Amino acid sequence: MRINLLGSFELQDERGRTLPPPGPKRRALLAALALEFGRVVPVERLLDLLWDGAPSSTARSALRGHVTAVRRLLAAAADGIPVGGPVAEDPDGLHVVTRGAGYALLGDPEAVDVQRFERLRAAGEETGAETADRLRRALDLWRGPALDGCGSGRLAAEAGPRLTAARRDTVERLAALLLAEADGSGGVEGSVEGSAGGFVDRLGEVTADLAELAAAEPARESAAALLVRCRTVLAGLLAAAGRGYDAIAVLELVVAAHEARGDAPLTARALDDLAHCLYQVGEAERGLAVTERALDLIHAHPDDPLQGDLRFGRAEALRVLGRVEEALAALTEVLAVAEEQGNARLVLLALDFHGAVLAELGRPEEAADSRRRALDLREAVNSGAA
C-alpha cells in the first residue's frame with residue numbers, strides 16, 4: 001500500500017489503484033504514523049490528534065480498535081485478503097507495530113509520499129543538473145494542500161505549514177539551480193541549444209510553481225525576485241526558440257511586476273525586451289508604443305545606456321511602419337545620445353542605419369557621408385584609438 005499525504009489523503013494498492021478512504025479517525029491514525037515513519041508515536045499523542053485535543057472517556061479503547069482496523073487494512077491491501085479477515089502482516093510491507101506505550105509504522109519508507117519527498121529534497125553529492133532533476137521529482141509528488149482530508153484538524157494545522165514550507169524552499173532551490181544552469185550555459189543562447197532536453201519546459205514548470213507561491217505569500221521577497229528572474233530568462237528562451245507570442249505573454253507579467261514595485265529603470269528594460277519581441281512577430285505598431293512607454297520611464301536617467309538602445313529601436317520601428325522621415329530624426333537622436341555616452345557600438349549601428357535611411361530618401365551624398373563616418377570609426381576602434 002502507498003499512503004499519500006501531499007494533497008488530499010489517498011491510499012493506493014500495490015498496482016497504483018486508489019482505494020476507498022477509511023473513516024476520519026483511521027485516516028488521522030495513518031497520517032500521524034506515516035508522518036513519523038519508523039518512530040514511535042505515543043498513545044497520548046495519538047489520542048490528542050485523533051480527537052483534536054478532546055479525547056472522550058472511551059477514546060483509549062477506541063484507539064485500540066482503530067489500530068486493529070488499520071492493521072487489517074494494510075494487510076488486506078498487501079495480500080488481497082478480505083478487509084474483515086484475519087490480520088496477516090507482511091514484514092516487508094507497511095505495518096503497524098506496538099512499541100511500549102505507542103505505535104509505529106514500519107516497512108518501506110518509499111510507500112509514503114512524504115518520506116519520498118524528504119529523501120528527494122535532501123542535499124546530495126550530485127551535479128547541479130542531477131539535483132535539479134531530483135528536486136523536480138520531489139515537487140511532482142504534490143497534488144494539492146498537504147494533509148487535506150486527513151481526518152485531524154490538529155494534525156493538519158501542525159504539520160501542514162511545515163510541509164508547505166519545505167515545498168516552498170524546494171521550489172526556490174530548484175529555481176535558483178535552473179537560473180544558474182542558464183547562466184552557466186552561456187545565457188539564453190546556450191540554453192536554447194539544450195532546449196530539446198526540456199530546459200524550457202523545466203524552467204516553465206518552476207516558474208509556474210513560483211507564481212503560485214508568490215500569490216500565496218505576496219510578502220515573500222525571495223519568491224517574488226526569483227519569479228521575475230525566471231520569467232525574464234524564460235521569455236528570452238521562448239523568443240529565441242521562435243515562440244514570440246509566448247515570450248510576449250511572459251514579459252507582460254515581468255513588466256507588471258516591476259511596475260508594481262515602482263522600479264522605473266527595470267520596468268523600462270522589461271518594456272524594451274517586450275518591444276523587441278513585438279518587433280520580431282511583426283507587431284511594429286504595438287512595439288513602438290511599448291518603446292515610447294519605456295522612453296518616458298527612462299527620461300529621468302540620461303546616462304542610462306538604455307537611452308540609446310530604446311531610441312534605436314524606435315527608429316527601426318518607424319522605418320518598418322513607413323515613417324522614414326521620422327526614423328531619420330530618431331536616428332539623429334540616437335547618434336547624439338550614443339556620442340555623448342561614448343557608446344561606439346551604438347554610434348556604428350546608428351551611422352550604418354542612418355546611411356541606409358538617407359539612401360532610401362534619395363539623398364546619396366549624405367548617405368555616403370554617413371558611411372564614411374562609420375568606416376573611419378571602425379578603423380579607429382580596430383586600432384584602439386576610439
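Taking segment 15-34 only, how many residues are out of contact with any helix residue (DSSP H, G or I) (no Cβ under 7 Å at 6 or more places or on another chain) and more than 17 Å from residue 140 (Cα to Cα)? Selection size over segment 15-34: 8. Can you tell me which residues in segment 1-18 are surrounded by 15 or more Cβ atoms within 10 Å (Cβ to Cβ) and not small (Gly, Ala, Ser)? Hits for segment 1-18 are 1, 2, 3, 4, 5, 6, 9, 10, 11, 12.
Results for (1) small (Gly, Ala, Ser); (2) within 16 Å of residue 232 (Cα to Cα); (3) free of Cβ contacts under 8 Å to residues at least 12 places away in the same chain, shown as yes or no for each residue.
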| position | (1), (2), (3) |
| --- | --- |
| 258 | no, yes, no |
| 265 | no, yes, no |
| 277 | no, yes, no |
| 286 | no, no, yes |
| 304 | no, no, no |
| 311 | no, no, no |
| 334 | no, no, no |
| 340 | no, no, yes |
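Can you tell me which residue within segment 282-302, out of those that are among the β-branched types (Val, Ile, Thr) and modelled with pLDDT of 95 or more, is nearest to residue 248 (Cα to Cα)? Step by step, filter segment 282-302, then rank; the result is 290.
When the criteria are applied in full, residue 369 fails the requirement of being under 25 Å from residue 236 (Cβ atoms), modelled with pLDDT under 95 and among the acidic types (Asp, Glu).
Which residue is nearest to residue 3 (Cα to Cα), if the candidates are limited to segment 150-163 and must be buried (at least 18 other Cβ atoms within 10 Å of the Cβ) and either within 21 Å of the chain's Cα centre (by Cα) or of a type outside the set (Ser, Thr, Tyr) (or both)? The residue in question is 150. Once segment 279-296 is narrowed to residues that are surrounded by 24 or more Cβ atoms within 10 Å (Cβ to Cβ) and aliphatic (A, V, I, L, M), the residue that is farthest from residue 242 (Cα to Cα) is 294. Here residue 143 clears all of (1) assigned to a helix (DSSP H, G or I); (2) within 20 Å of the chain's Cα centre (by Cα); (3) over 14 Å from residue 213 (Cβ atoms); (4) at pLDDT 95 or above except the condition numbered (1). Where helices (runs of 4 or more DSSP H) fall entirely within segment 199-280, those with at least 1 residues that are of a type in the set (Lys, Arg), under 10 Å from the mean Cα position of the chain (by Cα) and farther than 29 Å from residue 303 by Cα are at 199-216. Residues that are in contact (Cβ under 8 Å) with a residue 24 or more places away in the chain and not in a helix (DSSP H, G or I) were ranked within segment 342-386; the one that is farthest from the chain's Cα centre (by Cα) is 361.
Being on the phi > 0 side of the Ramachandran plot and either of a type in the set (Gly, Ala, Ser) or not in a loop (DSSP other than H, G, I, E, B) (or both) is the filter here, so list the residues in segment 35-73 that pass it. Scanning segment 35-73 gives 38, 53. All of (1) surrounded by 19 or more Cβ atoms within 10 Å (Cβ to Cβ); (2) more than 20 Å from the chain's Cα centre (by Cα) hold for residue 325 with one exception: (1).
The values are calculated or read from the model by the stated rules, or taken from the named source; none is laboratory data. On a predicted model such as this, the values are computed, not experimentally measured, just so you know. When we count neighbours, we look across all protein chains shown, and the Cβ atoms used for this are built from the backbone with ideal geometry, even at glycine.
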